[in-house]
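Read through the structure below, which is laid out as structure tokens, and then see the notes.
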Amino acid sequence: MLASMNRQLERVYPVLVTLSVVVGIFFPATWIHFVSLVPWVFAIMTFGGSLNASFADVKRIVTHPLPLVVCIFLLHVVSPLIAWGTGALVFPDAPATIAGLVLIFVIPTGIMSLVWVMILNGNIAFTLTLIVVDTLLAPLFVPLALEWIVGSKVHVDTLGMMTGLIWMILLPSLAGLLVNHWTKGSFKKKYGLGLSFFSKFGSLMIMGANSAVVSPYVYEYGQQMLFVVLIVFLLANVNYWLGFAASRLFRWDPPLTTAVMLNTGLRNNTAGAALAIAYFPPESAIPVIGFMLFQQILASLYVRWLNGRNRRLAQGLSDLRQTGSN
């Protein structure tokens, strides 16, 4: 019954994502009380996702680091440079808006990508490794990139950020890998489905809580946001296709292609919003807040596209094998 409910939830998940974001924005009181639970829910989701990987998977990724290096290069060099170029072209007299655009596309990949990759049976070990490496490098990458590209010196609470990332990502990931190794997969068989079910509901709560947090800013900058959000939307699409193009260039398999495409498209917008609101002029927060409004909705559309593509590839491979056997 739980497996059937999980499949049904996956089918309507994109719709629920949209509803969570909309409810969070227009009825923030519904979700705002759950903000304090976000780190704990993230930790449980990370633990559940890491049960699908093994130390052998992580070792294979670390010893063959090309996909990892390519993804980090796209995330922290190519993507922010495209954002800066677009901002300089479209908003030449608005340096604060340009800084906000660059900030969006220089922050680490989003932890929520793990949920989407799990739904599509993508490369979970790669996603976990990338999330851990990318977020641990963030205190170095983000300030340097912002200073290099837009000349903004940003003070980041490195110790606080590192501590939070260790508790939310690193330790739960190691715990999941260890449990999976010690139990030889039996823990996953017994509890994996329940944790997967929890992760989907937990992710909806996180999206609703994040939307509730930015709700006041949506009302404050509503009129200014429309054109900026359109530019952010176009840049977000470019990031997904950067990941897909890189995967095609190196001829990576569908699970890795899925993981690379989603991880280059999704960003940790919670960290981006915190940085924008704390350290930048108000205009810089507008692109970040706009990105938060549609990031998960856009991700759900690409997940549908990837799901159809992966099914067609699997069917084509099956037909090819059947033809060969005949």
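Summary of values
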read-out: Residue list for the stretch 99-123, restricted to those being open to solvent by 20 Å² or more (accessible area, probe 1.4 Å) and hydrophobic (A, V, I, L, M, F, W, C); value: Met118, Ile119
read-out: Unique match (being closer than 13 Å to Gly110 by Cβ and in contact (Cβ under 8 Å) with a residue 40 or more places away in the chain) among Leu242, Leu266, Leu306; value: Leu266
read-out: Helices (runs of 4 or more DSSP H) lying entirely in the stretch 1-63 (those with 2 or more residues that are farther than 25 Å from Trp252 by Cβ and in contact (Cβ under 8 Å) with a residue 12 or more places away in the chain); value: 2-26, 38-50
read-out: Among residues of the stretch 79-90, those that are without any contact (Cβ under 8 Å) to a residue 12 or more places away in the chain and open to solvent by 70 Å² or more (accessible area, probe 1.4 Å), counted; value: 1
read-out: Residue count for the stretch 172-187, restricted to those that are modelled with pLDDT of 85 or more and buried (at least 20 other Cβ atoms within 10 Å of the Cβ); value: 4
read-out: Boolean, Ile286 is β-branched (Val, Ile, Thr) and farther than 19 Å from Gly87 by Cα; value: no
read-out: Residues of the stretch 64-78 satisfying the condition of being open to solvent by less than 80 Å² (accessible area, probe 1.4 Å) and in a helix (DSSP H, G or I); value: Pro67, Leu68, Val70, Cys71, Ile72, Leu74, Leu75, His76, Val77, Val78
read-out: Wholly enclosed helices (runs of 4 or more DSSP H) of the stretch 202-302 bearing at least 1 residues at pLDDT 90 or above and surrounded by fewer than 23 Cβ atoms within 10 Å (Cβ to Cβ); value: 222-249, 254-265
read-out: Scope the stretch 124-144; condition touching a residue at least 40 places away in the same chain (Cβ under 8 Å) and either aromatic (Phe, Trp, Tyr) or open to solvent by 10 Å² or more (accessible area, probe 1.4 Å) (or both); matching residues; value: Ile124, Phe126, Leu128, Thr129, Val132, Val133, Leu137, Phe141
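The values are calculated or read from the model by the stated rules, or taken from the named source; none is laboratory data. Please read these numbers as outputs of a predicted model, since none were measured by experiment. Heads up, the Cβs are rebuilt from the backbone with ideal geometry, glycines too, and the neighbour counts pull from every protein chain shown. Protein only, heavy atoms only, side chains kept; ligands, DNA and RNA dropped before computing areas. Shrake-Rupley method; radii C 1.70, N 1.55, O 1.52, S 1.80 Å.
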